[in-house]
Amino acid sequence: MYLSIIDVKPLKDYQLLLTFENGEKRIFDMKPYLDKGIFKELKDERVFRSVRVSFDSIEWSNQADIDPEVLYEKSFEIKETGT
C-alpha cells in the first residue's frame, strides 16, 4: 500500500507521529535506525526535531529521508478516543 504522509510531529524517545493521506495516525520508532548511516546524525535532538513533510514522505535538515511505504509498514496505528 502506498500512502502519502501529510503531517509529521517529532515525539520524545525518537518517535514520530505520522498522519497519512487516509487520515490514519501512526507512530514510527526511529531508535532501530539511529546507528545506521546518515541516521546517526538524528541522535542530535535538534536534527531529529527538524523533521518535516517533503513531497509524499518526510525529510530531516541533514537530507535523511525514509520511504513512506517503510514508514507505514513499520509503524503502528494509534486510535484516537472520542469524547
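Assuming R0 = 35 Å, what is the FRET efficiency of Lys79 and Glu59, from their Cβ-Cβ distance, to the nearest 0.05? Numbers along the way, then the final one.
Numbers: r = 28 Å, r/R0 = 0.79.
Here the calculated transfer efficiency is 0.80.
Which whole-number percent is the relative contact order of the chain (Cα, under 8 Å, 6+ apart)?
With pairs under 8 Å counted, the relative contact order is 31 percent.
Which residues' amide hydrogens lie under 5 Å from the amide hydrogen of Ile58, considering only partners 5 or more residues apart or on another chain, with H built in the peptide plane?
Ile66
Tell me, in nm to one decimal, what length is gained between Ile6 and Val70 on full extension, where the rule is 0.36 nm per residue of separation less the Cα-Cα distance?
Values: separation 64, 0.36 × 64 = 23.04 nm, distance 1.53 nm.
Value of the extension gain: 21.5 nm.
Using a 1.4 Å probe and counting only protein heavy atoms, arrange Tyr2, Tyr14 so the residue with the most accessible area comes first. Don't jump to the answer; show the numbers that get you there.
On the way: Tyr2 110, Tyr14 55 Å².
Most to least solvent-accessible, the answer reads Tyr2, Tyr14.
Charges only on Cβ, +1 for Lys and Arg, -1 for Asp and Glu: so what's the dipole of the chain about the Cα centre, in debye to the nearest 20?
Values: 13 positive and 17 negative charges, 76 e Å.
Around 360 debye, computed over the chain.
Carbon and sulfur atoms: what percent of the 1.4 Å accessible area of the chain do they account for?
Working: 2650 of 5210 Å².
Of all accessible area on the chain, carbon and sulfur atoms account for 51 percent.
For the chain, what does the accessible surface come to per residue with a 1.4 Å probe? Please give it in Å².
63
Could you tell me which label, among [x] 17, 51, 26, 5, 0; [y] 19, 55, 23, 3, 0; [z] 16, 39, 33, 12, 0, carries the value of P(r) over Cα pairs in 10 Å bins from 0, in percent calculated for this structure?
Computing P(r) over Cα pairs in 10 Å bins from 0, in percent and matching it to [x] 17, 51, 26, 5, 0; [y] 19, 55, 23, 3, 0; [z] 16, 39, 33, 12, 0 gives [y].
Sticking with the crude label model, points 7 Å out along Cα→Cβ, report the distance from Val47 to Gln15 in nm, one decimal please.
So the two model labels end up 2.3 nm from each other.
Using only helices, what value at 222 nm comes out for the chain when you add -39,500 (n - 2.57) per DSSP H run of length 4 or more and divide by the total residues, to the nearest 500 deg cm²/dmol? Please list the in-between numbers first.
Working: 2 runs with 10 residues, N = 83.
Counting only the DSSP helices, I get -2500 deg cm²/dmol.
The values are calculated or read from the model by the stated rules, or taken from the named source; none is laboratory data. These figures come from a predicted structure and were not determined experimentally. For neighbour counting, all protein chains shown are included, and Cβ atoms are generated from backbone atoms with ideal geometry for every residue, glycine included. In case anyone asks, the SASA skips ligands and DNA or RNA and just uses the protein heavy atoms, side chains included. Shrake-Rupley method; radii C 1.70, N 1.55, O 1.52, S 1.80 Å.
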